[in-house]
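**Q** Below you will find the structure I want to go over with you.
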Amino acid sequence: MCILHRHFKYIIVRCPTCMESQNLTAVSEFVLTGLSDDPELQPLLFGLFLSMYLVTVLGNLLIILAVSCDSHLHTPMYFFLANLSLADIGFSTTTIPKMLVNIETHSKSITYAGCVTQVSFFFLFGCLDNLLLAVMAYDRFVAICHPLSYPVMMNPCLCGLLVLVSFFSSFLESQIHCLMVSQLTFCTNVEIHHFFCDAPQLFHLACSDTSIDTILMYFIGAVFGGIPLSGILCSYTRIVSSILRVPSTDGKYKAFSTCGSHLSVVCLFYGTSLGVYLSSSISPSPRKGAVASVMYTVVTPMMNPFIYSLRNRDIKRALWGIIRKTV
């Protein structure tokens, strides 16, 4: 473990692996290496990610607008969908704008405060996405397995409470990660091989011992990620079991179609997240891990509105109604 002595803006670091003490200025900023160092690729990356970000924001705003304006969509399922779209906008806004600014200004720096803030909001909206998907799975379970009790069980008070609990749980997780990151001490290497500040990357750069932080991070991930995923799997196990008992083929299709969009989003979210985890385990290259992270940080929030608008007649009808009124 490093022994630290702070004197104003200087840090004296003594490490067992170091032959002598080092006087280091306190870390004021980090360097985000991004997705590529090739100058010729920077304009292409800027245009690509700007387009994807605008599509993400516009698509999710249209979902929120459709749910707000169409009284037929004032149901628990679409209420949760609107909140999911809001979380997706926040999730993308946490990472992409800073990357676009760095590309445009030919800079790779991010301030220490900006890095910690980015970590906090990244886990806030990422966990909120995860919990809202679990809440939506429960909503589909009640709708298919207990259709007669659905209006009573999924009343407005319960729906609002579920969203609030999801938000405050996500806020708690984000603050735990923020606290862990803010307690780290960094040495000379301040290069983050990513396009945003990621907690595991910061643990890797820390000069102090991070073994306890790493264990805590995995424990928090198991709690805030494993429990919602278990709830989703349990809900869909009951849903599939209930659908299989429906005698007619049309009845089975109608019942399954009500949760088809949500199931597609769940597969996309967890599939890309698992893909990033496996790719980082197989390939130790940080740059390849950063490229793989684009799938769940950028592509997934962008695809969610398309999945719900293309597979859902109610959303399409509401969007066409808004377009006709506007024109």
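**Q** Can you tell me the 0 to 90 degree angle between the C-alpha axis of helix 249-282 and the longest principal axis of the chain, rounded to 10?
**A** Approximately 10 degrees, to the nearest ten.
**Q** What do you get for the angle between helix 76-104 and the principal long axis of the chain? Use alpha-carbon atoms, 0 to 90 degrees, nearest ten.
**A** Helix 76-104 and the main axis of the chain meet at about 30 degrees.
**Q** Tally the DSSP beta bridges in the chain and give the antiparallel ones as a percent, rounded to 5.
**A** 85
**Q** Sticking with this structure for a sec: What value, in deg cm²/dmol to 500, does the helix sum -39500 (n - 2.57) over DSSP H runs of n ≥ 4 give at 222 nm once divided by the residues of the chain? Spell out each step's value before the answer.
**A** Working: 12 runs with 227 residues, N = 327.
One gets -23500 deg cm²/dmol as the mean residue ellipticity at 222 nm.
**Q** Moving on. Could you calculate, for the range 121-212, the ratio of the Cα radius of gyration to the Kirkwood radius, expressed as Rg to Rh?
**A** 1.21
**Q** Per residue, how large is the accessible surface of the range 103-144? Use a 1.4 angstrom probe and give square angstrom.
**A** Per residue, the range 103-144 has 34 Å² of solvent-accessible surface.
**Q** Also: Modelling each spin label as a point 7 Å along the Cα-to-Cβ direction, I'd like the Phe46/Ile212 distance in nm, to one decimal.
**A** Modelled inter-label distance: 4.5 nm.
**Q** Assuming a strict under-22 Å limit between Cα atoms, what lysine pair count do you get for the chain once near-sequence pairs (fewer than 8 apart, same chain) are dropped? Could you put the intermediate results ahead of the total?
**A** Details: Lys98/Lys108; Lys98/Lys288; Lys108/Lys288; Lys254/Lys316; Lys316/Lys325.
Close lysine pairs under the 22 Å cut-off: 5.
**Q** Along the positive direction of the dipole of the range 145-280 (beta-carbon charges: Lys, Arg +1; Asp, Glu -1; about the Cα centre), which of Ser169, Leu274, His262 reaches farthest?
**A** Final value for the positive-end residue is His262.
**Q** Still on this structure, please answer the following. Assign one of three labels to the range 38-185, namely rounded, prolate or oblate, based on the Cα gyration tensor with a ≥ b ≥ c the square roots of its eigenvalues; rounded applies when a/c is under 1.5, prolate when it is not and a/b is larger than b/c, and oblate otherwise.
**A** It comes out oblate by the Cα gyration axes.
**Q** Could you work out the relative contact order of the chain? I mean the mean sequence separation of Cα pairs under 8 Å and 6+ apart, divided by the number of residues, in percent.
**A** 25 percent.
**Q** Does anyone have the angle between helix 313-326 and the longest principal axis of the chain? Alpha-carbon axes, 0 to 90°, nearest 10?
**A** 80
**Q** Same structure, new question: Full extension from Ser109 to Cys69: what is 0.36 nm times the residue separation minus their Cα-Cα distance, to one decimal in nm?
**A** Roughly 10.2 nm would be gained on extension.
**Q** Could you work out what % of the accessible surface of the chain is carbon and sulfur, using a 1.4 angstrom probe and leaving DNA, RNA and ligands out of the count?
**A** Ligands and nucleic acids excluded, carbon and sulfur give 69 percent.
**Q** Can I ask one more? Just for the Cα atoms in the chain, what are the lengths along the principal axes, largest first, rounded to whole Å?
**A** Over the chain, Cα extents along the principal axes are 77, 43, 36 Å.
The values are calculated or read from the model by the stated rules, or taken from the named source; none is laboratory data. These numbers come from a predicted model, not from an experiment. Glycine also receives a Cβ, built like all others from the backbone with ideal geometry; neighbour counts cover every protein chain displayed. Heavy atoms of the whole protein, side chains included, go into the accessibility calculation; ligands, DNA and RNA do not. Shrake-Rupley method; radii C 1.70, N 1.55, O 1.52, S 1.80 Å.
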